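Below is one structure, written out as structure tokens; comments come after it.
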């Protein structure tokens with residue numbers, strides 16, 4: 001499933017909306033290059049309202065016109081944590097690549113590799129952020145799980161072919177058993193937390209056949 005179909009399924013939207021060419025071209029002209037994957041995302045889906053009603057902030061093209069720190073950065077920032085302590089972006093020197101790697105910066109420390117490609121970053125970040133918008137989820141949002149419980153999840157759910165490394169100092173992997181549900185495993189130096197939910201009740205009930213009783217809050 002590509003990220004466009006993921007958005008429709010996970011965010012329960014029928015139609016996607018993109019930014020104006022003039023907005024995209026401003027960023028492209030400022031940095032002298034823009035990865036094709038970023039252009040396509042902004043053009044086809046970046047303005048979709050649902051993906052902005054999430055935990056963190058997707059940077060909009062107009063932000064580069066309004067904010068000096070975005071224009072002056074050595075990275076093209078894609079996603080900013082809600083309090084600004086963690087950011088993900090593409091190195092300026094990689095902007096001429098079609099699908100470059102994405103790096104993260106936590107509390108203004110050094111930038112570290114998050115994903116090998118922008119495509120992987122978009123899928124993983126969209127999946128992670130979707131969990132915060134799901135209509136159906138457990139009353140207690142975050143659970144701690146043990147290694148044995150993680151093995152149950154791995155054995156009974158499909159692991160997604162994308163991850164986030166270093167976002168909020170965590171490595172995140174993703175699992176599901178329907179197109180519109182997600183289980184996000186957050187590994188912080190071996191301490192495991194899980195958040196999950198679904199866009200539809202049917203999909204949530206299917207997920208709970210696996211997740212019921214797992215974890216402690």
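Just to verify a result, which residue in region 148-160, among those that are more than 18 Å from residue 200 (Cβ to Cβ) and in contact (Cβ under 8 Å) with a residue 24 or more places away in the chain, is surrounded by the most Cβ atoms within 10 Å (Cβ to Cβ)? Full working, then the answer.
Here is the first cut: in region 148-160, the ones more than 18 Å from residue 200 (Cβ to Cβ) are 148-156, 159-160.
Checking which are in contact (Cβ under 8 Å) with a residue 24 or more places away in the chain leaves us with 149-150, 152-153, 156, 160.
Numbers: 149: 18, 150: 18, 152: 15, 153: 21, 156: 12, 160: 18.
This residue is 153.
Going by the conditions given, is residue 30 within 15 Å of the chain's Cα centre (by Cα), more than 17 Å from residue 164 (Cα to Cα), assigned by TED's automatic domain parsing to the domain that holds residue 8 and surrounded by fewer than 17 Cβ atoms within 10 Å (Cβ to Cβ)? Reasoning before the result, please.
Working: within 15 Å of the chain's Cα centre (by Cα): no; more than 17 Å from residue 164 (Cα to Cα): yes; assigned by TED's automatic domain parsing to the domain that holds residue 8: yes; surrounded by fewer than 17 Cβ atoms within 10 Å (Cβ to Cβ): yes.
Spelling it out, it is not the case that residue 30 is within 15 Å of the chain's Cα centre (by Cα), more than 17 Å from residue 164 (Cα to Cα), assigned by TED's automatic domain parsing to the domain that holds residue 8 and surrounded by fewer than 17 Cβ atoms within 10 Å (Cβ to Cβ).
Here's a check for you: in region 157-174, which residue that is farther than 24 Å from residue 87 by Cα and in a strand (DSSP E or B) is farthest from the chain's Cα centre (by Cα)? Before the answer, list the steps.
From region 157-174, those farther than 24 Å from residue 87 by Cα are 157-159; that's our starting set.
Filter once more, keeping what is in a strand (DSSP E or B): 158-159.
Numbers: 158: 18, 159: 16 Å.
Going through the qualifying residues, I end up with 158.
Applying the selection to region 169-184, what residues are over 19 Å from residue 9 (Cα atoms) and without any contact (Cβ under 8 Å) to a residue 40 or more places away in the chain?
Within region 169-184, the first condition is being over 19 Å from residue 9 (Cα atoms), and the residues that meet it are 169-172.
170, 171, listed by residue number.
Right, residue 184: outside the structural domain of residue 38 (by TED's automatic domain parsing), part of a loop (DSSP other than H, G, I, E, B), touching a strand residue (DSSP E or B) at 6+ places or on another chain (Cβ under 8 Å) and modelled with pLDDT of 95 or more or not?
Numbers: outside the structural domain of residue 38 (by TED's automatic domain parsing): yes; part of a loop (DSSP other than H, G, I, E, B): no; touching a strand residue (DSSP E or B) at 6+ places or on another chain (Cβ under 8 Å): yes; modelled with pLDDT of 95 or more: yes.
For residue 184, the condition - outside the structural domain of residue 38 (by TED's automatic domain parsing), part of a loop (DSSP other than H, G, I, E, B), touching a strand residue (DSSP E or B) at 6+ places or on another chain (Cβ under 8 Å) and modelled with pLDDT of 95 or more - is not met.
A quick yes/no check of all residues on (1) assigned by TED's automatic domain parsing to the domain that holds residue 87; (2) over 21 Å from residue 102 (Cα atoms); (3) touching a strand residue (DSSP E or B) at 6+ places or on another chain (Cβ under 7 Å):
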{"position": "120", "(1), (2), (3)": "yes, no, yes"}
{"position": "149", "(1), (2), (3)": "no, yes, no"}
{"position": "156", "(1), (2), (3)": "no, yes, no"}
{"position": "169", "(1), (2), (3)": "no, no, yes"}
{"position": "179", "(1), (2), (3)": "no, yes, no"}
{"position": "198", "(1), (2), (3)": "no, yes, yes"}
{"position": "201", "(1), (2), (3)": "no, yes, yes"}
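Can we say residue 105 is free of Cβ contacts under 8 Å to residues at least 60 places away in the same chain, surrounded by fewer than 17 Cβ atoms within 10 Å (Cβ to Cβ) and assigned by TED's automatic domain parsing to the domain that holds residue 43? If you could, list the steps in order and put the result at the bottom.
On the way: free of Cβ contacts under 8 Å to residues at least 60 places away in the same chain: yes; surrounded by fewer than 17 Cβ atoms within 10 Å (Cβ to Cβ): no; assigned by TED's automatic domain parsing to the domain that holds residue 43: yes.
It is false that residue 105 is free of Cβ contacts under 8 Å to residues at least 60 places away in the same chain, surrounded by fewer than 17 Cβ atoms within 10 Å (Cβ to Cβ) and assigned by TED's automatic domain parsing to the domain that holds residue 43.
In region 45-61, which residue that is in contact (Cβ under 8 Å) with a residue 12 or more places away in the chain and in a helix (DSSP H, G or I) is surrounded by the fewest Cβ atoms within 10 Å (Cβ to Cβ)?
The first filter runs over region 45-61 and keeps only residues in contact (Cβ under 8 Å) with a residue 12 or more places away in the chain, leaving 45-51, 53-61.
Next, from what is left, pick out any that are in a helix (DSSP H, G or I): 49-51, 61.
Working: 49: 9, 50: 16, 51: 21, 61: 21.
So, considering only residues that are in contact (Cβ under 8 Å) with a residue 12 or more places away in the chain and in a helix (DSSP H, G or I), the one surrounded by the fewest Cβ atoms within 10 Å (Cβ to Cβ) is 49.
Rundown of residues vs (1) under 28 Å from residue 200 (Cα atoms); (2) outside any loop (DSSP other than H, G, I, E, B); (3) modelled with pLDDT of 95 or more, yes/no style:
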| site | (1), (2), (3) |
| --- | --- |
| 16 | yes, no, yes |
| 25 | no, yes, yes |
| 37 | no, yes, yes |
| 43 | yes, yes, yes |
| 63 | no, yes, yes |
| 83 | no, no, no |
| 105 | no, yes, yes |
| 110 | no, no, no |
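What number goes with the only condition from (1) in a loop (DSSP other than H, G, I, E, B); (2) farther than 29 Å from residue 42 by Cα that residue 154 does not pass?
With respect to (1) in a loop (DSSP other than H, G, I, E, B); (2) farther than 29 Å from residue 42 by Cα, residue 154 is out only on (1).
Based on what the data block shows, is residue 134 within 19 Å of residue 204 (Cβ to Cβ), part of a loop (DSSP other than H, G, I, E, B) and either at pLDDT 95 or above or assigned by TED's automatic domain parsing to the domain that holds residue 56 (or both)? Before you say what the answer is, go through the steps one by one.
On the way: within 19 Å of residue 204 (Cβ to Cβ): yes; part of a loop (DSSP other than H, G, I, E, B): yes; either at pLDDT 95 or above or assigned by TED's automatic domain parsing to the domain that holds residue 56 (or both): yes.
Judged against the criteria, residue 134 is a match.
Have a look at 207, 192 and point out the one that is touching a strand residue (DSSP E or B) at 6+ places or on another chain (Cβ under 8 Å), at pLDDT 95 or above, surrounded by fewer than 22 Cβ atoms within 10 Å (Cβ to Cβ) and under 19 Å from residue 162 (Cβ atoms). Spell out how you get there, then give the answer.
Working: 207 fails: surrounded by fewer than 22 Cβ atoms within 10 Å (Cβ to Cβ).
Selected residue: 192, the only one of 207, 192 that is touching a strand residue (DSSP E or B) at 6+ places or on another chain (Cβ under 8 Å), at pLDDT 95 or above, surrounded by fewer than 22 Cβ atoms within 10 Å (Cβ to Cβ) and under 19 Å from residue 162 (Cβ atoms).
It is to be established whether one or more residues within region 115-132 are more than 24 Å from residue 37 (Cβ to Cβ) and buried (at least 21 other Cβ atoms within 10 Å of the Cβ).
Looking only at region 115-132, we keep the residues that are more than 24 Å from residue 37 (Cβ to Cβ), and these are none.
No, region 115-132 contains no residue that is more than 24 Å from residue 37 (Cβ to Cβ) and buried (at least 21 other Cβ atoms within 10 Å of the Cβ).
The values are calculated or read from the model by the stated rules, or taken from the named source; none is laboratory data. All of these numbers come straight from a predicted model, not from anything done at the bench. Counting neighbours? That spans all protein chains shown, and the Cβs are built from the backbone with ideal geometry, glycine included.
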